[in-house]
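Accompanying notes for the structure given below.
Quick note: the coordinates plus some simple rules give every number you see, no bench work behind them. On a predicted model such as this, the values are computed, not experimentally measured, just so you know. Neighbour counts run over all protein chains shown; Cβ positions are idealised from the backbone, glycine included.
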Amino acid sequence: MKRVVIALGLVVLASPALAADCNAPPSPGVDWQRCSLHGRDLVGSDLAGARVIDTSFHRADLAKADLSKASAYRAKFISAKMSGAVLDEGSFVESDFTKADLTGASLKNTDLRRTRFFQAILRGADLTGARLSNADLLQADLSGATWTDGKRVCAEGSVGQCH
C-alpha cells in the first residue's frame, strides 16, 4: 500500500496539467493560478472557465473579457478596467475589485461572497442572482446596476448600496 501511495504522489507531482503556466496565452480554461498579470492588455480575451486563484490583475485591461465560470478565489483586480466584462457564474469569493471599473459588466449568478468593491464602478452592471453576502461595497457606484433580484435597478447616485 505504501508503494502505491508513493507512486501516486510522484505521478501527481510530475503532472504538467497541475502546474500553472503564467506565460500561457489567454484562452478558455487557462491556468494562471498565483500569477502576476499586472497591467496586461487582455481586452476581449476569452478566459471562460479560467483558473485565476490568487492571481493579480492590478491595472490590467480586461474590458469585454469573458471570465464566465472562472475560478478566481482571492484574485486581485485592483484598478482593473473591466467595462463590459462577463463574469457570469464565476467564483470570485474574497476577490478584490478596489477601484475597478466594471461599468456595464455582467455578474449574473456570480459568487461574490466576502468580495471587496471599495470605490469600484458598477454603473449599469447586472448583478442578477449574484451572491453578495459580506461583500464590501463601501463607496462603490451602483448607479443603474440591476440588483441581485433581477428586477430592481439602482437609482442614480446609489453609492455603497442600491437605492
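Determine which member of the set R131, R59 is at negative phi and basic (K, R). It is R131. Can you name the residue in the stretch 115-163 that is touching a strand residue (DSSP E or B) at 6+ places or on another chain (Cβ under 8 Å), among the acidic types (D, E) and closer than 21 Å to S91 by Cα and, of all such residues, is surrounded by the fewest Cβ atoms within 10 Å (Cβ to Cβ)? Checking each candidate, the answer is D136.
When the residues of the stretch 71-88 are narrowed to those that are more than 15 Å from R114 (Cβ to Cβ) and among the aliphatic types (A, V, I, L, M), which ends up nearest to the chain's Cα centre (by Cα)? I'd like the intermediate steps shown before the answer.
Applying the first criterion (more than 15 Å from R114 (Cβ to Cβ)) to the stretch 71-88 yields 71, 78-88.
Next, from what is left, pick out any that are among the aliphatic types (A, V, I, L, M): 78, 80, 82, 85-87.
On the way: I78: 11, A80: 11, M82: 10, A85: 10, V86: 9, L87: 6 Å.
Per the stated criteria, the residue is L87.
With the condition kept exactly as written, say whether any residue in the stretch 46-57 is touching a Pro at 6+ places or on another chain (Cβ under 6 Å), surrounded by fewer than 22 Cβ atoms within 10 Å (Cβ to Cβ) and outside any loop (DSSP other than H, G, I, E, B). Looking through the stretch 46-57, at least one residue is touching a Pro at 6+ places or on another chain (Cβ under 6 Å), surrounded by fewer than 22 Cβ atoms within 10 Å (Cβ to Cβ) and outside any loop (DSSP other than H, G, I, E, B).
For the stretch 58-86, the set of residues classified as outside any loop (DSSP other than H, G, I, E, B) and either more than 18 Å from G104 (Cα to Cα) or not acidic (D, E) (or both) consists of S71, K76, K81, V86, listed by residue number. For the stretch 98-119, which residues satisfy the criterion of being of a type in the set (G, A, S) and in contact with a Leu (Cβ under 6 Å, 6 or more places away or on another chain)? Answer for the stretch 98-119, where residues must be of a type in the set (G, A, S) and in contact with a Leu (Cβ under 6 Å, 6 or more places away or on another chain): there is none.
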